[in-house]
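> Below is a structure I'd like to ask you about.
The values are calculated or read from the model by the stated rules, or taken from the named source; none is laboratory data. Remember, it's a predicted structure, so these values are computed and weren't measured experimentally. Cβ sites come from the backbone with ideal geometry, for glycine too, and all protein chains shown count toward neighbours. The accessibility values were calculated without ligands, DNA or RNA, using every heavy atom of the protein model including side chains. Shrake-Rupley method; radii C 1.70, N 1.55, O 1.52, S 1.80 Å.
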Amino acid sequence: MRQVIPASIREDYVYWKTYMHEHVDFSHGASVIHTKAHCERVLLYALILARKLKLTEAETTSLCHAAVYHDSRRHDDWLDVGHGKRAAEYYRQACQAEALPFYRLAYDVMAWHDHADEEGLAVIREHAASPHAGLVYQAFKDADALDRFRLGPDGLDVRYLRSEAARQLYDYAHAVWTDGLEEG
Ligand SMILES: [Fe+2]
Ligand SMILES: [Fe+2]
């Protein structure tokens, strides 16, 4: 049975999913791992985590921007460290070209999502675009990790999730991968 999109996030989920399909170009279009479908699920988990963690509207929007742009500038499906920074630059340019409000927090989350937490946290807390900047960064990395079931049945080790809120999503994310998600 297809999994349900929580009613509290449905509107935002549909808005940013549609935005991605209409406005975001993925340079590694042949990828079967880092697809727009992957980014849709990251968006879903990011929005659920934002509600659970009681993030502000600006922090939640930053997560949505990061979800739909973060893997758009990959060169390959391996670690490809640096794809986060390239995606962040693409996002910055897109904000100017399409009158999308630019969020520094979204930029930083994207630019550092392919680095170790300690590195990303140090930079993001220095910019301090939000009092919860570190929490937002780690929520994004957990949302990205919750889609690791696509890499195999053991793709996600729950011990690597950073918050209890994310650990509570383990079963849901597994079911979304195996059963699919209702049409949003
Ligand atoms: Fe990535
Ligand atoms: Fe990703």
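> Would you mind counting up the charge near Pro101? Only other residues with Cβ under 13 Å from its Cβ, with Lys and Arg at +1 and Asp and Glu at -1. Each step should come with its number before you reach the end.
On the way: positive: Arg92, Arg104; negative: Glu57, Glu98.
In short, 0.
> Note the per residue figure in Å³ for the convex hull of the C-alpha positions in the chain.
Values: hull volume 20.4 nm³, N = 184.
In the chain, the Cα convex hull volume per residue is 111 Å³.
> Okay, next question. Near Asp157, within a Cβ-to-Cβ distance under 13 Å, what is the net charge of the other residues, with Lys and Arg +1 and Asp and Glu -1?
On the way: positive: Arg148, Arg159, Arg162, Arg167; negative: Asp142, Asp154.
Surrounding charge for Asp157 is +2.
> Under 10 Å, Cα contacts only: if you run a Gaussian network model on the chain, which one of Tyr69, Tyr15, Tyr170 comes out with the highest mean-square fluctuation?
Judging by the Gaussian network model, the answer is Tyr15.
> Ignoring ligands, DNA and RNA, please state the percent of accessible area on segment 7-179 from carbon and sulfur, probe 1.4 Å.
Values: 4330 of 8170 Å².
The nonpolar share, carbon plus sulfur, comes to 53 percent.
> Can you give the relative contact order of segment 7-179 as a percent, counting alpha carbon pairs under 8 Å and 6+ residues apart? Don't skip to the end; give the middle numbers.
Numbers: 213 pairs, mean separation 36.4, N = 173.
Relative contact order of segment 7-179: 21 percent.
> If you count only protein heavy atoms with a 1.4 Å probe, what accessible area per residue comes out for the chain, rounded to a whole Å²?
On the way: 8960 Å² over 184 residues.
In whole numbers, the chain has 49 Å² accessible per residue.
> Check Leu181: other-chain or 5+ apart residues with amide H under 5 Å from its amide H, H built from backbone geometry?
HN-HN under 5 Å from Leu181: Gln3.
> Within straight cross-link reach of Lys85, meaning Cα distance under 20 Å, which lysines are found once same-chain residues fewer than 8 apart are removed?
Excluding near neighbours in sequence, the set is Lys36, Lys141.
> Under a GNM of the chain (C-alpha, springs under 10 Å), which listed residue has the highest mean-square fluctuation: Gln138, Gln96, Gln168?
Top of the fluctuation ranking is Gln96.
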